[in-house]
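Participant: Mind having a look at this structure? Questions to follow.
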Amino acid sequence: MKRTNSRKMSLKILWALVACFLIGGSQPAAAKVKVVATIADLGSLVQVVGGDDVEVTVLCPGEMDPHFLPAKPSLARKLGRADMLVYNGMELEVGWLPLLIRKARNPAIRPGAAGEVDCSEAVTARLEVPTGHLDRGEGDVHPEGNPHYTLDPRQAVLVAHHLARRLGEIDVDNAASYKQRAATFAQDVEERTVSWRAETAVVAEMPVIIYHRTWAYLVDFLQLDVMGEIEHRPGISPSPRHVQKLIEEGRQRENLLVISATWDHHHVSAEVAERSGGQTVVLPAQAGAGGGAQGYLEHIDGICRDLAAAGKARP
Ligand SMILES: [Zn+2]
């Protein structure tokens with residue numbers, strides 16, 4: 001009996017101590033803005049701009065193809081807890097994001113809400129915007145143009161400024177910090193662009209075949225010379241006839257380089273390169289695609305390094 005009483009007493013003291021700590025203890029840290037980004041590149045950009053003021057979760061890890069992410073309930077739960085959703089738009093996530101948003105039932109990130117951020121709104125130079133009639137039989141053709149703009153660092157800078165503006169709207173106290181971090185990132189990109197272009201200058205002289213149009217923006221940024229695509233229609237496996245035609249065209253050119261992403265069908269790239277006397281390079285199409293966490297700048301650094309190595313090793 002006595003024992004129970006003393007246990008009750010010590011519990012009371014413990015609760016009193018907890019209450020004291022909660023009420024009068026050290027000042028709790030300001031709550032971070034919980035941001036969910038759809039793809040790793042955008043997750044990295046939010047982290048750069050948000051710094052310690054945000055907590056970032058990425059739905060599609062860098063090593064997975066963002067065209068085809070399974071819409072798992074665990075992802076909807078992550079969205080359910082978010083203050084802000086940051087997505088690529090231009091239909092890149094059309095196969096899974098609308099479903100996840102519906103399942104999440106989170107008013108903060110619903111279309112039109114302050115926490116819903118479509119980064120493609122910041123993109124000034126959209127590539128491959130179709131003109132005239134759009135035929136879905138032509139493959140994964142997006143009516144708003146090629147959605148892989150994060151691979152152009154110039155567009156990434158515009159996205160960073162856009163994120164700073166939108167974060168500043170829902171977290172006014174830190175608006176100046178967001179703006180400052182975006183400006184620093186813009187400066188970093190400007191400085192590194194000089195070395196990225198110098199490093200890959202050797203590749204700019206090589207004829208290039210790309211697997212999917214993932215690389216369109218990178219190619220535009222580095223001014224590479226693209227002579228063809230393995231995916232005749234985006235998102236659809238190439239026909240043997242198309243592959244044969246590419247090989248024949250490739251044979252006419254020297255120093256051919258075939259670029260594919262970590263998730264593409266490399267045996268086709270390898271076949272085209274081998275039979276036309278060229279070489280292949282497999283590049284990470286999203287930050288961290290090679291495994292592990294990685295920032296945006298390091299991601300572009302890695303791509304340029306791999307391209308430069310392929311340029312030096314040309315047959
Ligand atoms: Zn695509």
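Participant: Report the charge-dipole magnitude of the range 225-315 in Debye, nearest 20, computed about the Cα centre from +1 at each Lys and Arg Cβ and -1 at each Asp and Glu Cβ.
Facilitator: Values: 9 positive and 12 negative charges, 43 e Å.
Charge dipole, the range 225-315, about its Cα centre: 200 debye, nearest 20.
Participant: Would you look at the GNM of the chain, springs on alpha carbons closer than 10 Å, and say which of Gln47, Gln155, Gln223 moves the most?
Facilitator: Highest fluctuation of the listed residues: Gln223.
Participant: Hey, another quick one. What number results when the radius of gyration of the range 200-312, computed over Cα atoms, is divided by 2.2 N^0.38 Å?
Facilitator: Working: Rg = 13.4 Å, N = 113, 2.2 N^0.38 = 13.3 Å.
It is 1.01.
Participant: Per 0.36 nm of contour for each residue apart, how much would the distance between Lys72 and Arg165 grow if the chain were fully extended, relative to their Cα-Cα spacing? Don't skip to the end; give the middle numbers.
Facilitator: Values: separation 93, 0.36 × 93 = 33.48 nm, distance 3.06 nm.
Separation in residues times 0.36 nm, less the Cα-Cα distance, equals 30.4 nm.
Participant: What residue among Val219, Val243, Ser276 has its Cα farthest toward the positive end of the dipole of the range 193-283, where the charges are +1 on Lys, Arg and -1 on Asp, Glu, each on the Cβ?
Facilitator: Of Val219, Val243, Ser276, it is Val243.
Participant: Would you list, by chain and number, the aspartates and glutamates whose Cα falls below 15 Å from the Cα of Lys32, excluding same-chain residues fewer than 8 positions away?
Facilitator: Lys32 reaches Asp52, Asp53, Glu55, Asp83, Glu169, Asp171, Asp173.
Participant: Can you list residues from other chains, or at least 5 along the same chain, whose modelled amide H is less than 5 Å from the amide H of Val58?
Facilitator: Here Ala37 satisfy the definition.
Participant: Sort Val208, Val282 from largest to smallest accessible area, using a 1.4 Å probe on the heavy atoms of the protein chains.
Facilitator: Output order, biggest surface exposure first: Val282, Val208.
Participant: In addition: Placing one identical point scatterer on every Cα of the chain and ignoring solvent, what is log10 I(q)/I(0) from the Debye formula at q = 0.06, 0.11 Å⁻¹?
Facilitator: -0.27, -0.73
Participant: Taking θ = phi - 60°, what integer Hz values does the Karplus form 6.51 cos²θ - 1.76 cosθ + 1.60 yield along the range 283-291, in sequence order, with x for Gly and Pro?
Facilitator: Karplus-based 3J(HN,Hα) across the range 283-291 equals 10, x, 8, 9, 4, x, 5, x, x Hz.
Participant: Taking θ as phi - 60°, what are the ³J(HN,Hα) couplings along the range 145-162 by the Karplus curve (6.51, -1.76, 1.60), each to the nearest whole Hz, with x for Gly and Pro?
Facilitator: Result, rounded to whole Hz: x, 5, x, 8, 5, 5, 7, 10, x, 5, 6, 4, 5, 4, 5, 4, 4, 4.
Participant: Okay, next question. Heavy atoms only, 1.4 Å probe, whole protein assembly: order Phe68, Phe185 by accessible area, highest first.
Facilitator: On the way: Phe68 140, Phe185 5 Å².
Correct descending sequence by accessible area is Phe68, Phe185.
Participant: How far is helix 266-275 tilted off the main Cα axis of the chain, in degrees rounded to 10, range 0 to 90?
Facilitator: Compared with the principal axis, the helix lies near 20 degrees.
The values are calculated or read from the model by the stated rules, or taken from the named source; none is laboratory data. None of the values given here were measured: they were computed from a predicted structure. As a convention, Cβ positions derive from the backbone with ideal geometry for all residues, glycine included, and neighbour counts pool all protein chains shown. Keep in mind that these areas ignore ligands, DNA and RNA; they rest on the heavy atoms of the full protein, side chains included. Shrake-Rupley method; radii C 1.70, N 1.55, O 1.52, S 1.80 Å.
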